[in-house]
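**Q** Just dropping this structure here.
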Amino acid sequence: MSSNVISIQSVSKRYGSETVVSKVNLEIQPGECIVLVGHNGAGKTTLMKLMLGLTRPSEGRVEVLGGNPAFSAAVAQRSALGYLPESVAFYEAMTGREVLSFYASLKHVAASECDTLLQLVGLGDASKRRVGTYSKGMRQRLGLAQAMLGNPQLLFLDEPTTGLDPLLRQHFYQLIDELHKEGATSIISSHALNEVEARANRFVIMKAGVVVACGTLDELYQLAALPVSLKINVTPGQASLVAERLGSEVSIAEVNNQSLSLSCFNGEKMPLIRRITELGEVVNDMQIIPPRLDEVYKYFMNQEVSS
Ligand code: ADP
């Protein structure tokens, strides 16, 4: 039996003549944090809705926790899912506590859980205030509390930090980290590449409904074959001499009085590092700077899509 919590096999979704998700294959293991990235309209929300059973595939098979999420018989399974949609709209006249209690009753979750969750997301003091008086950040946190009701095994968060200030973003990810420690699996759609870079196990890069790349950051670096940068610090005044000793075949992007920026492809990295160490004490420090997620993303966005 498969140990995957989610299995997506050759899934396509069409609206009329438009294919918005095309032949997607994706297997997700328990405890993973998967980040979906792609421009607006790439199909991220649709893929999430397919996993949530909110829309059905035109072709292919979606299995979540061993069942088809779109079947009404899968209600018990659905209570193991938490979903924070991209735009959260709550009834403005209700208090935060009332909103959460309403969702708790829908999910058959004890009302007593609401106060704990409201405290956890930092809305304890505001729980008796009407949602109409809440800021964007407070609404988003109420949305997260709603998604966390019933301690879900699977969390789907669509652009969860849009509109949050940096401090709230940090707090938000701390909450997600806590859920991961308890074994939850999360699927997050995000445009904030620098924010999710260090958090995800794997990234799914989507373009025009197609998954153009999927893997850990390391796997994506390898696939994209982007150059690695090396910065070496040398004895002041010696940088030009070091550049000469490295030879013309080494790609040198920048030389300052006491530092040099080099770049090489992954396979050339170790030979280059050996050459640098052979230079002796003139080199006093070295940093290896791998490509960032935004560079990897840009690379895949510039590739032709074959759907
Ligand atoms: P993303 O989340 O990456 O921004 P979406 O999944 O929301 O992308 O949308 C992908 C494409 O599907 C868009 O072109 C969008 O207009 C289209 N789309 C989404 N939902 C519907 C729908 N219910 N009917 C018709 N087209 C839709």
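**Q** Using a 1.4 angstrom probe and counting only protein chains, how large is the accessible area of HIS191 in Å², to 10?
**A** Taking all protein chains as shown, HIS191 has close to 90 Å².
**Q** May I ask you to rank CYS214, CYS33 by accessible area, largest first, using a 1.4 Å probe over the protein chains only?
**A** Descending order: CYS214, CYS33.
**Q** Could you please put ARG130, ARG141, ARG275 in sequence from largest to smallest accessible area, using a 1.4 Å probe?
**A** So, going from the largest accessible area down, we get ARG130, ARG275, ARG141.
**Q** Carbon and sulfur atoms: what percent of the 1.4 Å accessible area of the chain do they account for?
**A** 50
**Q** Taking the alpha carbon gyration tensor of the range 227-290, what are the square roots of 5 times its eigenvalues, largest first, to the nearest whole Å?
**A** The three semi-axes for the range 227-290 are 17, 12, 11 Å.
**Q** Which whole-angstrom value gives the distance between the alpha carbon centres of the range 174-241 and the range 38-110?
**A** 27
**Q** Now for a different question. With every protein chain in place, what's the accessible area of LYS231 (1.4 Å probe, Å², nearest 10)?
**A** Answer for LYS231: close to 70 Å² accessible.
**Q** Using the basic label-point model (7 angstrom from Cα toward the beta carbon), what is the LYS269 to ASN256 distance in nanometres?
**A** Going by the 7 Å Cα→Cβ label model, 2.3 nm.
**Q** When Lys and Arg each count +1 and Asp and Glu each count -1, what net charge do the other residues less than 12 Å away from SER22, Cβ to Cβ, add up to?
**A** +2
**Q** Just to make sure I understand: if all protein chains stay in place, what is the order of SER248, SER105 by accessible area at 1.4 Å, largest first?
**A** SER248, SER105
**Q** Determine the dipole magnitude for the chain: charges of +1 sit on the beta-carbon of Lys and Arg, -1 on that of Asp and Glu, nothing else is charged, the reference point is the Cα centre, and the result goes in debye to the nearest 20.
**A** With only Lys, Arg, Asp and Glu charged at Cβ, the dipole is about 920 debye.
**Q** Greater than 24 Å separation of Cα atoms is the criterion. Which listed pairs, LYS23/LYS49; LYS13/LYS207; LYS44/LYS298; LYS23/LYS44; LYS128/LYS181; LYS49/LYS298, meet it?
**A** Result: LYS128/LYS181; LYS49/LYS298 exceed 24 Å.
**Q** Over the range 227-290, average the accessible area per residue using a 1.4 Å probe and give it in Å², no decimals.
**A** Result: 60 Å² per residue.
**Q** Suppose R0 equals 35 Å; then what is the FRET efficiency for SER17 and GLU92 from their Cβ-Cβ distance, rounded to the nearest 0.05?
**A** 0.35
**Q** Further question: From the helices alone, meaning DSSP H stretches of at least four residues, give me the mean residue ellipticity at 222 nm for the chain, per-run term -39500 (n - 2.57), in deg cm²/dmol to the nearest 500.
**A** Taking each H run of at least 4 residues, the total per residue is -9500 deg cm²/dmol.
**Q** A further question on this structure: Can you spot the lysines whose alpha carbon is less than 17 Å from LYS269's alpha carbon? Ignore those fewer than 8 places along the same chain.
**A** By straight Cα distance, LYS269 reaches LYS231.
**Q** To the nearest 20 debye, what charge dipole does the range 227-290 have about its Cα centre, counting +1 at the Cβ of each Lys and Arg and -1 at the Cβ of each Asp and Glu?
**A** Computed about the Cα centre, the dipole is about 100 debye.
**Q** Which residues' amide hydrogens lie under 5 Å from the amide hydrogen of GLN258, considering only partners 5 or more residues apart or on another chain, with H built in the peptide plane?
**A** Amide H neighbours of GLN258, under 5 Å, 5+ apart: GLY237.
**Q** Still on this model: Over the heavy atoms of SER58, what accessible area does a 1.4 Å probe trace out, to the nearest 10 Å²?
**A** 50
**Q** Taking Rh as the Kirkwood radius computed over C-alpha pairs, what is the Stokes-Einstein D of the chain at 10 °C in a medium of viscosity 1.306 mPa s, expressed in µm² per second?
**A** 72
The values are calculated or read from the model by the stated rules, or taken from the named source; none is laboratory data. The structure presented is a predicted model; accordingly, all values stated were derived computationally and were not measured. Methodologically, a virtual Cβ is constructed for each residue, glycine included, from the backbone with ideal geometry; neighbour enumeration extends over all protein chains shown. Each accessible area value is taken on the protein alone, full model and side chains, heavy atoms only, with ligands, DNA and RNA left out. Shrake-Rupley method; radii C 1.70, N 1.55, O 1.52, S 1.80 Å.
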